[in-house]
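Everything on this sheet refers to the single structure shown next.
Read-outs throughout are calculated quantities, based only on the coordinates presented, and are distinct from any laboratory measurement. Since the structure is predicted, the reported quantities are computational estimates derived from the model, not experimental observations. Quick reminder, even Gly has a Cβ in these numbers, built from the backbone with ideal geometry, and neighbours come from all protein chains shown.
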Amino acid sequence: MSEDQSTRDLDIKEGGTKYSQLKKGDLLQDRYEIQEIVGMGGMGAVYRARDKNFKAIRLVAIKEMISQVTDPVIRRNIFQIFEREANILATLRHPSIPRIYDYFTIGERAYLVLEFIHGKNLEQLLAETQGFFPEEQVLSWAVELCDVLEYLHSHKPEPIIFRDIKPSNIMNTIQNYIALVDFGIAKVFESGQKNTMVGTQGYSPPDQYRGEATPRVDIYALGATLHHLLTLRDPQLEAPFSFSERVINEINPNVSKEFAAVVERALEYKPEDRYESATEIKEALINVARKTGTLLHLSIPTTPATTRGVSIKPLWTFECEDEIRGAPAYHDGALYVGCYDNNLYALDAATGEFKWKYATDGGIPGKPAVFEGNVYFGSEDTRLHVVSTRSGKVVWTHYTEGPVRSSPRIAEGHVFIGSDDGNLHALNTTSGRLAWKADAGSAVRSTPYVSGDYVYFGSESGDFTCVDFRGNARWRFKAKRAITSSPVIVDSVVYFGSMDSTLYALDANSGWVVWRFRLGKGSISTPAVAGNLLYTGAADHVIYCVDVRSAKEMWRFTTDHQVTGSPILHRDAVFCGSVDGNLYCLDASSGRMRWRFQTDAPITGTPVAHEDVIFIGSTDKRLYTFVA
Amino acid sequence: MKKIFRGLRSKKKKKTTKRANAPTVPLSDAQVWDTLPESGRAAKFTHLISGSALHPGQRRENNEDAVLCLNAAVGSGVESPAFGIYVIADGMGGHRNGEVASETAVRALGSYLIGKLYKPLFGPDPQPTQESLQEIMEAAVQEAHRAVKKEAPGGGCTLTAALVLGNQMVIAHLGDSRAYAIYRDGRMEALTTDHSLVKRLQEMGQLTEEEAAIHPQKSVLYRALGQGEKAPADIFTGSLPNPGFLLICSDGLWGVVAEDDIQRIVSSTASPFLACQHLVEAANAAGGPDNISVVLVRAVS
């Protein structure tokens, strides 16, 4: 963008070292209408503005940087640094980092257009607080800050070191999550000009004064911020590096020793004595939360009312004529969802526009599977239906002797599906010919899982079976009650829940039980596994997170009703519906609620994610889509 | 915080030894590695091969370490899971209690596991147990705990035990013996966390590494078998490193020989038995201040 073009938009009053701020009603780029000044920095103001390109009210934050350097070469350099930083910001995607929408320069001013974060920064909260913050509040902020630091420090190709963690740069939003603001752009800006130290005295570690920018610099500043929040003693008013003289527990005896120890280690004078990484300190903090019992509180939202219907809006919804109890499937720009109005619907995934529907003679409870141009799904009309994704016309169907409530799994040219007739059916995908049936002794509602040369599935009598590709049983396991939950296999271990209130981990090769985890009530939810963590729901209203190595509970989140649907993982979040009607978005590592959306009836299905869009059906007859 | 008690052992400061060329075996090195197939998908294997070694070291007259190393294969192959029990216990408690504690722990744990799994695995009609492997391991640890309290009152020992069944490996851990996974690509990963007070203080930022190394209580464990009401073992499951090794050793090895050297000796020796001998030699060459015990396990497809 050339300066000539952009100066057209605004008449800047030049005047030596003085500059004027934008006023209410000023229009930037013919698009952003200034509403008010929300902050002042050393290099310019921060404004709240409205983006007039949208009819809907969309608020943005506009940061202004004013260069007072007259030398054109230096000035161009400053703008280049600014531009590079803006480009880095453009690649960042994290719930605790404001999104960048635009940047431009006008004369000696540069502007960043950012997501508007509604809330107060921690410096304001520090000024307003009457007494100490509750430990769990600070702990929950700390874990979230570690989460965003972990994200920044693992940025590729270069880690991003924030270098200026302090209360005034941390926003506590009205949804009660943390956002990091002021991405050091001003600092780089300034340092290019005056060669000053980057960071803030009081919060910056000694190594930062030597010009080092390592993750440990941010860890120290995080420690300093937490120390400030716990003790209410402003480090900017104290001698540098004197935290050890202000012992946390002496000032605030309410803080657990464990938490104080983590903060103190983050504040070690020597970088090598501090935590090595944000991940390490995050784990230490989560351990503190687990030990002191605050972890359970962490998952309890403190201001749930504000999220309801306010900030979370579906991108689009689609209404059917009856309940959606199953899960949608995404394939190639289209969404396929079965409904209890007996139809399978094909929708445009981007707009929700109706493409076609296909009528069966029964409710459609499962999740469709798409394979080579056809969509496969079971119906309570006892059939497996195979329909062309393009035309919505039937390709073939297969009759079983009972309602089909299992979902199809496709592998090795075959489709595997269970039926209430007590069999697992294996059919050739092209001919629809039945290859074999495996007798399970009772209804098979669990969706089979195919791994290696074997198929795994549960049944309503509590039998869990591993069969080979000829349908011969390789091993069997018996739970005390029904296994409706669908198995998942990771690293040769098969995980599933049962109505006998147990979550099982079995060796996939032999059926030996590796561990059992006790749930509060029975479960028909299908586990989701990522790394060492497993997520599942149960009838005791709880969404569980369990470590798959030790079978220990990491966190739990309690909804207001049974969790019969299954959680899914998308990036660092867990999405799960509940019979209480909500779709929940939880932080995968802490279980803290990020947001929830209330539908008008129970959610019994499972969401599906595609490119940051979450799709979920509700028994209020609607299919919803959200930005993850 | 768990009951803290003093171990009466002492440890030399951790040294790194430069043991350039560990003597190699006739059938040497990488060539033997290369005969092993690269395992692509979930590896199935029929055999576990293992070695173990136990040495009092150069400064001790008694031996407070104890080892159990057992593996078995039965049946027609693929469908029968390979089975192994590997345990190291490092005793403490003064007089003869240390020796008795570790010996008792290893035997009690081993016989419980074998008794529990003998019929399900080796009986005429093999059937998985109703209890989970983690529950069986937990019960075995408590059994060993009771036995140690009875046979060596006041004594105690570390315990690091691995039960391998097919692809699954269940580890129970108390104290500061260690289990490592050593992968073919040279990665060496500690599977266990030491329950040592000084290490804990260090983790909590109360001590620097320098202070920890000379701390008078550096051999004090905050968890061990034979102490307290119940033995609070870490119990967890993982996959046996394949291709690779499972190494279990006492601090007489890991406290004396640098990890890089351990990794090199293990990876450059095809036979687990010889590798164990070389590891003991390396620890002795570095002064052998403590008893040395080591178990090395490899899965062979």
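Summary of computed values
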{"quantity": "log10 of Debye I(q)/I(0), alpha-carbon scatterers only, for the range A:354-409 at 0.17, 0.21, 0.27 Å⁻¹", "calculated": "-0.46, -0.71, -1.13"}
{"quantity": "Alpha carbon centroid spacing (whole Å) that separates the range A:239-288 from the range A:418-443", "calculated": "59"}
{"quantity": "Cα gyration tensor, the range A:109-184 - rounded (a/c under 1.5), prolate or oblate", "calculated": "oblate"}
{"quantity": "Neighbour-count ranking [beta-carbon atoms within 10 angstrom, fewest first] of B:MET188, A:MET40", "calculated": "A:MET40, B:MET188"}
{"quantity": "Qualifying aspartates and glutamates (Cα of each under 17 Å from Cα of B:LYS230; at least 8 residues distant if same chain)", "calculated": "B:GLU135, B:GLU138, B:GLU143, B:GLU151"}
{"quantity": "Trypsin sites (Lys or Arg not before Pro) within the range A:460-497, DSSP loop, no more than 15 other Cβ atoms inside 10 Å", "calculated": "A:ARG470, A:LYS480, A:ARG481"}
{"quantity": "Cα gyration tensor, the protein assembly as shown - rounded (a/c under 1.5), prolate or oblate", "calculated": "oblate"}
{"quantity": "Residue-averaged [θ]222 nm for chain A, counting only DSSP H segments that reach four residues, each worth -39500 (n - 2.57)", "calculated": "-5500 deg cm²/dmol"}
{"quantity": "Computed P(r) (all Cα pairs; the range B:204-301; 10 Å bins; percent)", "calculated": "13, 34, 34, 18, 1"}
{"quantity": "Pairwise centroid distance, computed over Cα atoms, of the range A:352-404 with the range A:553-588, Å", "calculated": "28"}
{"quantity": "Over chain A, relative contact order from alpha-carbon pairs under 8 Å, at least 6 apart, %", "calculated": "7"}
{"quantity": "Free-standing Cys residues across chain A, given no other cysteine C-beta under 4.7 angstrom", "calculated": "A:CYS146, A:CYS466, A:CYS545, A:CYS576, A:CYS585"}
{"quantity": "DSSP loop GluC sites (Glu not before Pro) with at most 14 other Cβ within 10 Å excluded, longest remaining stretch of chain A", "calculated": "A:413-610"}
{"quantity": "Residue order, fewest to most surrounding Cβ atoms within 10 angstrom, among A:TYR624, A:TYR101, B:TYR112", "calculated": "A:TYR101, B:TYR112, A:TYR624"}
{"quantity": "Spin-label proximity, A:ARG390 to the range A:340-368 - amide N less than 19 Å from point 7 Å beyond Cα toward beta carbon", "calculated": "A:346-349, A:355-358"}
{"quantity": "Angle between chain A longest axis and helix A:278-292 axis [Cα atoms, degrees, rounded to 10]", "calculated": "70"}
{"quantity": "Of A:LYS480/B:LYS119; A:LYS120/A:LYS257; A:LYS282/A:LYS313; A:LYS257/A:LYS291; A:LYS23/A:LYS63; A:LYS355/A:LYS621, pairs whose Cα-Cα distance is over 20 Å", "calculated": "A:LYS480/B:LYS119; A:LYS120/A:LYS257; A:LYS282/A:LYS313"}
{"quantity": "Shape category assigned to the range B:135-292 from the gyration tensor of Cα positions, a/c cut at 1.5", "calculated": "oblate"}
{"quantity": "Isotropically averaged projected area of the range A:399-549, using the convex hull of Cα atoms (one quarter of hull area), nm²", "calculated": "8.2"}
{"quantity": "Spherically averaged projected area in nm², based on the convex hull that wraps the Cα atoms of the range A:461-530", "calculated": "4.6"}
{"quantity": "Kirkwood-based Rg to Rh ratio, the range A:356-453, C-alpha trace", "calculated": "0.93"}
{"quantity": "Relative exposure of B:ILE171, A:ILE97, judged by other C-beta atoms within 10 Å (fewest first)", "calculated": "A:ILE97, B:ILE171"}
{"quantity": "The range B:133-203, relative contact order in percent, only Cα pairs under 8 angstrom and at least six apart counted", "calculated": "22"}
